[in-house]
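What follows is a set of notes on a single structure, which appears directly below.
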Amino acid sequence: MYSNLSKIRPKLRTSGRVSGNFGRNKVSAGSTLNDLGMTSVQSIKCVTQQEYLTRLYHAFDCTTDAKLRSFIYTEIRKILIQQGKW
């Protein structure tokens, strides 16, 4: 006995909604966060490494949080190793 299921051809779809994302319409790929961090300002002031180091020293003296102090310590250490002063 043969089944008729093997003789059924899938219908070629030439019209209708294009789906494939579990019933939702297909959308173009890409992140919605692409423009995150972009600014329309013409000039951006970046902090120098020495200024950043000064801010880290100040923050290290002001905080009592152990995790924050650990982070600041490792950042200061990385900068000083890079400068050859450690």
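The values are calculated or read from the model by the stated rules, or taken from the named source; none is laboratory data. Since we're looking at a predicted model, the values are computed, not measured. Because the Cβ atoms are built from the backbone with ideal geometry, glycine has one as well, and the counts that use them run over all protein chains shown.
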Open item on the list: Can you report the number of residues in the stretch 46-70 which are surrounded by 13 or more Cβ atoms within 10 Å (Cβ to Cβ) and of a type in the set (Gly, Ala, Ser)?
Closed with: 1
- [ ] Scan the stretch 35-69 for residues that are of a type in the set (Asp, Glu) and closer than 18 Å to residue 80 by Cα and report the count.
- [x] 2
Open item on the list: I need a count of the residues in the stretch 22-68 that are modelled with pLDDT under 85 and outside any loop (DSSP other than H, G, I, E, B).
Closed with: 2
- [ ] Select from the stretch 46-86 the residues that are in contact (Cβ under 8 Å) with a residue 24 or more places away in the chain and hydroxyl-bearing (Ser, Thr, Tyr) and list them in ascending order.
- [x] 52
